[in-house]
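Q: Let me begin by handing over the structure; questions about it come next.
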Amino acid sequence: MSALLCVMSVSASAYDVQIDGIYYNLDWENKTAEVTYNHRDSLDYSGDVVIPSEITIAVGPLLPNGSRKTVSSDGENTFRVTTIGNEAFEGSTGLTSITLPNSVTTIGAYAFCRCTGLTSITIPSSVTTIRNSAFAVCTNLEKIIVPDIAAWCNIDFQDSYPNFLFVIDWSDDTKLGRRLYSDENTEITNLVIPDGVTSIGNTAFYGCASLISLTIPSSVTTIGSSAFDRCKLRNVLIKSVTPPIAYYEAFSGPTYYHTILYIPTGSWDAYAYDNKWYNFINIRETAMTEEEVSARQAYTLMDANTFAYSVYDPVNDCIDTIGSVGAIDENNPNHCWQVIEHQGNRYLYNIGAKKFAVSSPDGKTLKLTDVATPVGMENGKDGVVIDGQADRQWALVSNDRMAVEQEVIEHLSGISSLSASQRDKRYYDLYGRKQEKQSRGLNILRMGDGTTRKVLKK
């Protein structure tokens, strides 16, 4: 995006050019522009302001007094907007939104201080430096939109205070800071640091109010001071066998007491005896990693007795059942289960809940737990027995087949529509398809009276 202006630049002015109500200082040598403030006129900025990535001006030759004509004998000059200057928008209480281009690298000190009309802001991936109190006293700014988490991890917050995710509310010291979003509508609660990120900067997520869980890839080797201080995390998963270097107060005291730290199998000693990570009271080796989960086939879990589907209900934090095949969404992680093999054991893992399946004490229902509990398998893949409850079995329905919903519904309907007068036995596979004879593995046997039961052929 570029803006064009023919204008005189006077060296005595507080700014070089003004285009569409925005004031700029120009760096002629580097052809860059800085958004600045018109100190002669109070509170110029209001409403919705869009900063272009480039501005183009046409100017004449320099005059002896340092100014330039308003004529265009020298042609057009394009300047890339790279900086929001110190105090550029300070006190602009009428400013309701600001759009920053993906060319801005620096947001200056007090740049948006006391902009009380701002409710959200998007930080482009080009930003590398945010200076002192850039968003101080923005009392209604609650939403910070960060489309690129990897870039955010590397921002240099040049401040004697934490970054602007943290908000001090002297009237309520239990109140946390601002909430992090990946776009206008998606709040980041389960933060996954992207693979390839090697360090998380000082105060990067200090006081972020939205974070519940955190995943740190094996590529991260350092976590900066106060990076996750004052975050109310419930779970932290670190994929590196070697503990990352964690600097001063990378996590806060309450986090050490109340948050579960998940680490790779075989690395407990490395973390438990590290001079920073040992502070976590609850350190658990996990039988899986997210890489292993994502690489495996996803399934929907079907009760082999009732043909109801078991999914995770995030609202009530429990396992729920769905009777209709059409209600299953194969792209919904709450409907997806993984069978994980580790050191000779198999585990059933729900992707949406990020927990393992076990049976309730009576063996009749499923529940979820953080503790990896082995499950029994029928024919290696098709059937599951939880906690040794042989009378309670589930079938694994491959999610890529759930896309053909109508076909599956017709097959299941075919089973239920068999009349009681049909006294012969009929066998069906786990997808409701009629079999000429009993096949190896788990079969569904339909009797002439309409009753069904599972039959395992080895």
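Here, each number is a calculation from the coordinates, and none is a lab measurement. Everything numeric in this text was worked out from a predicted model, so none of it was measured. Using ideal geometry, Cβ is built from the backbone for each residue, glycine included, and neighbour counts are taken over all protein chains shown.
Q: Rank by packing, highest mean first: peptides 98-110, 365-377, with packing defined as the count of other Cβ atoms within 10 Å averaged across residues. Present the calculation step by step, with values, prior to reporting the outcome.
A: On the way: 98-110: 18.8, 365-377: 16.2.
The most tightly packed comes first, giving 98-110, 365-377.
Q: Calculate the FRET efficiency for Asn282 and Ser218 from the Cβ-Cβ distance with a Förster distance of 22 Å, rounded to the nearest 0.05.
A: Working: r = 21 Å, r/R0 = 0.97.
For R0 = 22 Å, the calculated efficiency reads 0.55.
Q: Additional query: At what distance in nm do the modelled label points of Lys143 and Thr189 sit from each other, each positioned 7 Å from its Cα along Cα→Cβ?
A: In this crude label model, Lys143 to Thr189 measures out at 1.7 nm.
Q: Hey, another quick one. Which of the pairs Lys276/Lys354; Lys239/Lys355; Lys232/Lys354; Lys143/Lys232; Lys232/Lys276; Lys143/Lys355 have their Cα atoms more than 20 Å apart in this structure? Don't skip to the answer; put the middle values down first.
A: Working: Lys276/Lys354 26 Å; Lys239/Lys355 17 Å; Lys232/Lys354 18 Å; Lys143/Lys232 17 Å; Lys232/Lys276 18 Å; Lys143/Lys355 29 Å.
Beyond 20 Å: Lys276/Lys354; Lys143/Lys355.
Q: With 5 Å bins from zero, work out the P(r) of segment 218-280 over every alpha carbon pair and list the percent per bin.
A: P(r) over segment 218-280, rounded to whole percents: 4, 19, 30, 31, 14, 2.
Q: How big is D for segment 177-256, in µm² s⁻¹ as a whole number, if Stokes-Einstein is applied with the Kirkwood radius of its Cα pairs at 37 °C and 0.692 mPa s?
A: Working: Rh = 12.6 Å.
Using the Kirkwood radius from Cα pairs, D works out to 260 µm²/s.
Q: Same structure, new question: Using θ = phi - 60° and the Karplus form 6.51 cos²θ - 1.76 cosθ + 1.60, what ³J(HN,Hα) does each residue of segment 243-250 get, whole Hz, x for Gly and Pro?
A: Those phi angles translate into x, x, 6, 10, 7, 3, 6, 4 Hz.
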